[in-house]
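Presented below is the structure to which this report refers.
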Amino acid sequence: MTVKERVNDKRAAKNTPRQSANLGRKPGAISHINYFAGFANFSLDFLEIFLGEAVRTPAAAANTYIEISQKWSLWSYGPMRDRSDVEAILDEVLRGQTEAFGQIVRDFALPLRSYLASQVHHVDDVDDLAQEVFLAALGNLSTFRRGDDFGAWLRGIARNKILVYFRTQSRRSQALKRFRDEVAALIEGDLERDAAGDSAEMMERLLRCVAHLPERLRRVVRAGLDGDKPAEVAKTLATTVGVVYNLHYRANQLLRECLRKEVE
Amino acid sequence: MMDQELQDLLACWLGDHDPGPVRRDALLARLRCDDDFRRAFVGEIRLLGILKAVQAPEPRWLRLEDEIGWSARQREDVDALARRVVREGERRLRVRWRLRWSLAAVAVLVVVGLYLALRPRGFTPEGLGTTSQEAVPIATAIRLEDVRWEPGDGATPTEGGVITPGHLRLQSGRLTLAFFSGVTLSVEGPADLDVFTADRVFCRHGKLRARVPSGAEGFTVLAAGYEVVDLGTEFGLNLEPGGKSRVMVFKGEASVSLLGRDGRSVGGALLNALRQSVEVDPGSGRIEEVPAQPEAFIPLGQFVAAPLELDAGYARAVLAAKPWGYWRFESLEDGRVPNEVAGRPALGALGGVELEQSPGGNRWARLRPDDQTQAFLMAGEWAPPRDKGYAIELWVQADLPSASAFGQTALVGLMAKDIRDATNHVAYLELAGRGRRVPHEPCAVRFLDRWPPAMTGGTDVFSRRTVVPSLWHHVVGQKSGDTLELYVDGELAGHSPAKSDANDAKDATTTPCLLLVGRLKQFSMPPEISEIRPFEGRLDELAVYDHPLTPDEIRRHARLRTLPTAP
């Protein structure tokens, strides 16, 4: 049994039906948790290829890479590229090779969705807005100034989309909309500065850190704090909503600490 | 334990929970005033956002896939993809190989450099290694008085020049730096220092004087064996080559700490009105109080504003670009600055605003520090068009921040005229701040376009840190088609896509607007300094256009500045 097969066995044993049900939203979709588990397997495959368990030609190695990537949906989110790489891809798109924009989507989707999710509650809305942002970026690619930070440019478009999204929401009172606008304006700079440091790698580390949280905190983190979630979790844990907030706060502290240690 | 207000704010932000108007106002007030609270809130929602995104299922973006033909063609070109993967892997290996050898070479150079730098002086506190950090601008040289530089590797900035982290060695004379953090530092030669960051300097010897405004506290001068940390306002430091030094606080507080070999504090003293001056001898590990001798310390370099001289054809060039309104600030009769465009309203002067004159005869508006009543308000209204776009152009020279200055300072604002919502901006130009309290990059220009008019939101475009205090800058903020553009000194300094629905027929025009110069909001009063954002400095040649300017026009206007005339 290879290393990868051993890890796969362990993963399969841990993946309960309930987890799978919670994670599956669209047919064939794979969660990022599975994605990162896949990433681990993918790395093991590569270890096997390059460290001696399977000696192959570069072309064979590449085919294996593609095969494994398709298997684990690893093309979903690639590593962040250099600025010059991004600009090379943008040039390709502007020359008419629009499918090259897929590379940009892969690279920036997760940080962009995270940015949107920090301000928009429902994941479906987050994903719709992210799609809108990418479409707007594609349509206005010629206005992107070379040398600028493409991620920051995307977030600029995202800010506009979020603004329109909240203005067109009828279920919120005018007072609450105004309040939200004012809070958004006050935190815009801090949020932008922090978001500029986000990367897919950091998010991968974060998931590893979540796995190390105590069970009670992990349940709170998995549930999130949106809408009625705190009340639901409070009921499940037989506690109060205030305690759920405090548990999440403590969990976030532990996660930050864990991220720091991972970096060190 | 979580702060109750943080919990309430999160509940409101995430859960549509409305705590009521009183609580909302209290939360907003705390968010405005308490930086730690604001940062904590941002930290929480950001982490929650990341967790939500990474734990959610992968989305299928069918419209996007259709648009870029991505999913359909993805599988067809597997061979090409394979080739790219192989090439990418090979490229990365090459890059890593080069990187490793480069890092090894750099490490050897750094070790040798540090050894040479440290050997004759023994212990040096931590921070020396930071000289290799990225060369971002951190200050500007605002005044050079008879400066002679030591020959060698140190930087030799000129007046108005940008300072990046590095070595400064003066034989004689006095250099005054304005850091982007808001700190002003004068250095008198002979002096030898390393500037690490906007709030950290290492001094080997020399005479220093620092003024640290509110918001920039923590400015630190390191020396061999000790450090001085300013806790607000002003201190002087005379450091002899032998290592002994004198520190004196002129206003406010500073702390002096002796440092052990590991760079940690092993003793210290607080300097304030009760204990103004000490002698520090790191060799013997002593800090002794000594009589204050202010005359032994150098004065802070005085800020000298450069005059603005313009070519005689400047006004003609502006008028040729057909402005909607143009105010030259050449006269202030009956408290009004006339409009150069016939039939258009004058600017009314508010507060004690006055005009100054250059040796060559040009005049400009002077808005003095610590007077929040100063401003100009247009005696009429203007509705800037949205379909064609609009432009705001002026010359600006910012002072160093005064003690009471707010980080951001207003230049020109257009506000919907409806008196009930007199602070709903349609467009706004400001200097984006000096000091650490503001979230934006310091010494940048901000141009905001906001439609429909509102108190918050809109689309921003920022320049980089290009505005040097004491120098005049030509600034244009404009909406050109679907793009917001910001020009500084004739060059495009930043741009952003304008709001996507801006071209709707209903949005072809805006609404009658007030034009306010030098403050953010018309009716706000102290202590609401964040709503006033008073400008401190000089303004000239303000023009507004009901169409965007071309890059050539902007460049031409910026180049019509002439060299100052000798007095």
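No lab work stands behind these numbers, since they all come straight from the coordinates. Bear in mind that the values here come from a model prediction, so they are computed numbers and not experimental data. FYI the Cβ positions are ideal-geometry reconstructions off the backbone, even for glycines, and counts take in every protein chain you see.
Close amide-amide hydrogen proximity is noted between B:Val290 and B:Ser277, B:Val278, B:Glu279, each under 5 Å apart and 5 or more residues distant or on a separate chain (H modeled in the peptide plane; Pro and chain starts excluded). Computed 3J(HN,Hα) for the range B:299-316, one whole-Hz value per residue from the Karplus formula 6.51 cos²θ - 1.76 cosθ + 1.60 where θ = phi - 60°, is x, 6, x, 7, 6, 10, 6, 6, x, 10, 10, 10, 4, 4, x, 4, 4, 4, glycine and proline marked x. From the square roots a ≥ b ≥ c of the eigenvalues of the alpha-carbon gyration tensor of the range A:141-264, which class results: rounded (a/c under 1.5), prolate (a/b over b/c), or oblate? Oblate, because a/c is 1.5 or more while a/b does not exceed b/c.
For the range A:83-195, what's the relative contact order in percent, using C-alpha pairs closer than 8 Å and at least 6 residues apart? Contact order relative to length: 25 percent. Compactness ratio for the range B:516-567: Cα radius of gyration over 2.2 N^0.38 Å (N = residue count) comes to 1.66.
Need the C-alpha centroid separation for the range B:340-363 versus the range A:91-152, integer Å. Comparing the Cα centres of the range B:340-363 and the range A:91-152, I get a distance of 47 Å.
The ranking of A:Leu94, B:Leu350 by Cβ neighbour count inside 10 Å, starting from the fewest, reads A:Leu94, B:Leu350. Counting only Cα atoms, the range B:311-562 measures 48, 42, 35 Å along its principal axes, largest extent leading.
Which listed residue (B:Asn362, B:Pro307, B:Ala317) has the Cα farthest towards the positive end of the charge dipole for the range B:302-369, taking +1 on Lys and Arg C-beta and -1 on Asp and Glu C-beta about the Cα centre? Positive-most Cα among the choices belongs to B:Ala317. Calculate the mean, over all residues of peptide A:113-126, of how many other protein chain Cβ atoms lie within 10 angstrom of the residue's Cβ. Shielding by partners across A:113-126 averages 5. For the range A:115-171, the alpha-carbon radius of gyration amounts to 1.17 times the rule-of-thumb value 2.2 N^0.38 Å expected for a compact globular protein.
The range B:513-550 and the range A:186-264 have their alpha-carbon centroids 42 Å apart. Taken residue by residue and averaged, Cβ atoms of other chains lying within 10 Å of the Cβ of A:133-145 number 3.
Working note: Cα gyration tensor of the range A:213-264, eigenvalues times five, square-rooted, sorted largest first, giving semi-axes of 23, 9, 8 Å. Residue order for B:Ser265, B:Ser524, A:Ser173, fewest other beta carbons within 10 angstrom first, comes to A:Ser173, B:Ser265, B:Ser524. Among the residues of B:34-47, the average count of other protein chain beta-carbon atoms within 10 Å of the residue beta-carbon is 5.
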